[in-house]
Amino acid sequence: YNMKRVYLFCDNGMSTSMMAQRMQEVADKNNLPIECKAFSYKKIQDIIEETPLDCILIGPQTKFLYNEINEKYGDKIPVAVIDAADYGMMDAEKVLKKAIVQMKKFKNN
């Protein structure tokens, strides 16, 4: 099986790092082969050049980046904005589920 990489991006990667950490805990607890990490969106280019990503999640506070990121990478990788309510509640399980749905939908297209 192959590890799926779900990476979160926001201004500086700080606020999303707690979400990524919690998502990682949910994935581990459920034995899902998923790696969740958070970064500043400024690093997205470098990361994608080095690491094949399976899903890009954008923090709700930087949703203005969606169009630009989706235009650049959306044909190869599903890109989604984390729901503000899920984010506010730090509902890592819901965010992870939505990412998995995105990846499945993308694969079937």
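Values as computed for the structure displayed
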read-out: Cα centroid separation, region 46-74 to region 82-100 (Å); value: 17 Å
read-out: Tensor-based shape of region 1-40 (alpha-carbon gyration tensor, a/c under 1.5 rounded, otherwise prolate or oblate); value: oblate
read-out: Protein accessible area in region 1-99, 1.4 Å probe - carbon and sulfur %; value: 51 percent
read-out: Å² of accessible area per residue within the chain, as computed with a 1.4 Å probe and no ligands counted; value: 60 Å²
read-out: At least 27 Å along the helix axis (C-alpha) and Kyte average at least 1.0, DSSP helices within the chain; value: none
read-out: Cα gyration tensor of region 14-64 - equivalent ellipsoid semi-axes, whole Å, descending; value: 20, 15, 8
read-out: Convex hull per residue volume in Å³, alpha carbons only, for the chain; value: 93 Å³
read-out: Check: the chain dipole with +1 on Lys, Arg Cβ and -1 on Asp, Glu Cβ, in debye; value: 280 debye
read-out: Exposure of Val81 as accessible area (Å², to 10), given a probe of 1.4 Å and all protein chains; value: 50 Å²
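The values are calculated or read from the model by the stated rules, or taken from the named source; none is laboratory data. Just so it is clear, the model here is predicted, and its values are computed rather than measured. Because the Cβ atoms are built from the backbone with ideal geometry, glycine has one as well, and the counts that use them run over all protein chains shown. Accessible surface areas use protein heavy atoms only, side chains included; no ligands, DNA or RNA. Shrake-Rupley method; radii C 1.70, N 1.55, O 1.52, S 1.80 Å.
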